[in-house]
Amino acid sequence: GPAELELLERLLGLPAGNKYGVLGERKVPVLQTNNGPGLTGLMTIAAHLVRQAKKEQLLGSTTEERAVVQQWLEYRVTRVNGGSSKEDTRIILKDLNMHLEDKVYLAGNIFTLADILMYYGLHHIMVSIT
Amino acid sequence: MGFGDLRSPAGLRVLNDFLADRSYIEGYVPSQADIAVFEAIAAPPPADLFHALRWYNHIKSYEKQKASLPGVKKALGKYGPADVEDTTGAATDSKDDDDIDLFGSDDEEESEEAKKLREERLAQYESKKSKKPAVVAKSSILLDVKPWDDETDMAKLEECVRSIQADGLVWGSSKLVPVGYGIKKLQIQCVVEDDKVGTDMLEERITAFEDYVQSMDVAAFNKI
């Protein structure tokens, strides 16, 4: 949620000062903007912050890489949330293990937003199993 | 420290085990340490040493920037597990018996015997040289064939792939590997004669089965 986005801002070297809120039962993060309704959604806001920080390579540098980054952002938002069951967690870890078998980073050879968001999302799981 | 003889399968296995829980030879970013080890390896590690292969492909992607990676290239014996020695340099490249002194000694008059011996050796050398072209260059290729979705009939897809016939192409074993969301990719081995069959041709013919095949990748390529 917002805490994660604030961590991302720091990682990207952006100045603090963005205001975040949450929406609905699932606590979807919202970035308040000066005019109109805010920008909603974890991966949407994260990608926006990356572009604001002018670090577009974190979104991938080829068409394929960009697609793979999107794939894992979508994965993060649809499959990895705090309330995952043990079975879901196991499936997630297995998916990740298989995908990473021949790669160093999720998008292949470069570090991207996919790695960042999957890391944040899985941090609590990793901490509990190590 | 070291990995044994990196030119041998045993050395590659040591490297593979070392890289099982590491992304790089030293530290957490690519460095001259990785370049030093990369350059000691003749060809991509085989597919069963998947950690080494993953590392190899990753370091290969830094080929253009290798001069600017941090660190200083050291001898191979400075990297790897502490309890293994580096023996890579020990193997000499040319263990050729072909390094015969073809000119003999010009000092004395050649005796009949010496002349005969020299001519025998020359004949041997020539016949050894002429035998070489008979060795056919072959490669073992592992292909990843991806379907459109999880409803694609993988049995039919495999049939289509195996129906591709060509001089110098032999299909090997295959298996279905899940890639997430219920989709499975076909991983199939083949052996090709290098000057008759190339991966471009394989890709063209495999992706021609548009109804089943979404894409094809080379997962591994080894000279045999």
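The values are calculated or read from the model by the stated rules, or taken from the named source; none is laboratory data. The shown structure was predicted, so the numbers you read here are calculated from the model rather than taken from an experiment. For neighbour counting, all protein chains shown are included, and Cβ atoms are generated from backbone atoms with ideal geometry for every residue, glycine included. When the accessible area is computed, the model is the full protein with side chains, heavy atoms only, and any ligands, DNA or RNA have been set aside. Shrake-Rupley method; radii C 1.70, N 1.55, O 1.52, S 1.80 Å.
Can you find a residue that is in contact with a strand residue (DSSP E or B) (Cβ under 6 Å, 6 or more places away or on another chain), over 24 Å from residue B:13 (Cα atoms) and at pLDDT 70 or above anywhere in region B:121-134? Within region B:121-134, none of the residues are in contact with a strand residue (DSSP E or B) (Cβ under 6 Å, 6 or more places away or on another chain), over 24 Å from residue B:13 (Cα atoms) and at pLDDT 70 or above. Please indicate, with yes or no, whether at least one residue in region B:26-40 is on the phi < 0 side of the Ramachandran plot, more than 11 Å from chain A (Cβ to nearest Cβ) and surrounded by fewer than 17 Cβ atoms within 10 Å (Cβ to Cβ). Yes, region B:26-40 contains a residue that is on the phi < 0 side of the Ramachandran plot, more than 11 Å from chain A (Cβ to nearest Cβ) and surrounded by fewer than 17 Cβ atoms within 10 Å (Cβ to Cβ).
For every residue, the table says whether it meets (1) part of a loop (DSSP other than H, G, I, E, B); (2) closer than 23 Å to residue B:51 by Cβ; (3) charged (D, E, K, R); (4) open to solvent by 60 Å² or more (accessible area, probe 1.4 Å).
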| position | (1), (2), (3), (4) |
| --- | --- |
| A:78 | no, no, no, yes |
| A:81 | yes, no, no, yes |
| A:93 | no, yes, no, no |
| A:111 | yes, yes, no, yes |
| A:118 | no, yes, no, no |
| A:122 | no, yes, no, no |
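Considered as a group, the residues in region A:58-69 that are part of a helix (DSSP H, G or I) and free of Cβ contacts under 8 Å to residues at least 12 places away in the same chain include one that is nearest to the other protein chains (Cβ to nearest Cβ), and that residue is A:64.
Of all residues in region B:151-199, those that are within 14 Å of another protein chain (Cβ to nearest Cβ) and under 22 Å from the mean Cα position of the chain (by Cα) total 2. The set of residues in region A:84-118 that are of a type in the set (A, V, I, L, M, F, W, C) and in contact with a Phe, Trp or Tyr (Cβ under 7 Å, 6 or more places away or on another chain) comprises A:106, A:111, A:114, A:118. Once region B:186-205 is narrowed to residues that are part of a helix (DSSP H, G or I) and either of a type outside the set (D, E, K, R) or touching a strand residue (DSSP E or B) at 6+ places or on another chain (Cβ under 6 Å) (or both), the residue that is most open to solvent (accessible area, probe 1.4 Å) is B:203.
Restricting the first member to region A:75-104 and to residues that are more than 10 Å from chain B (Cβ to nearest Cβ) and without any contact (Cβ under 8 Å) to a residue 24 or more places away in the chain, and the second to residues that are open to solvent by 30 Å² or more (accessible area, probe 1.4 Å) and assigned to a helix (DSSP H, G or I), no beta-carbon pair is closer than 6 Å while six or more apart or on different chains. As for region B:58-80, it holds at least one residue that is assigned to a helix (DSSP H, G or I), exposed (fewer than 13 other Cβ atoms within 10 Å of the Cβ) and touching a residue at least 12 places away in the same chain (Cβ under 8 Å). Looking across region B:166-185, the residues that are at positive phi and open to solvent by 40 Å² or more (accessible area, probe 1.4 Å) come down to B:181, B:182.
Let's see how each residue does on (1) assigned by the TED database to the domain that holds residue A:116; (2) open to solvent by 70 Å² or more (accessible area, probe 1.4 Å); (3) among the hydrophobic types (A, V, I, L, M, F, W, C):
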{"position": "A:7", "(1), (2), (3)": "no, yes, yes"}
{"position": "A:16", "(1), (2), (3)": "no, yes, yes"}
{"position": "A:23", "(1), (2), (3)": "no, yes, yes"}
{"position": "A:40", "(1), (2), (3)": "no, no, no"}
{"position": "A:43", "(1), (2), (3)": "no, no, yes"}
{"position": "A:62", "(1), (2), (3)": "yes, no, no"}
{"position": "A:66", "(1), (2), (3)": "yes, yes, no"}
{"position": "A:73", "(1), (2), (3)": "yes, no, yes"}
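Kindly evaluate residue B:8 against the criterion of being open to solvent by 20 Å² or more (accessible area, probe 1.4 Å), closer than 21 Å to residue A:106 by Cβ and within 19 Å of the chain's Cα centre (by Cα). It is false that residue B:8 is open to solvent by 20 Å² or more (accessible area, probe 1.4 Å), closer than 21 Å to residue A:106 by Cβ and within 19 Å of the chain's Cα centre (by Cα).
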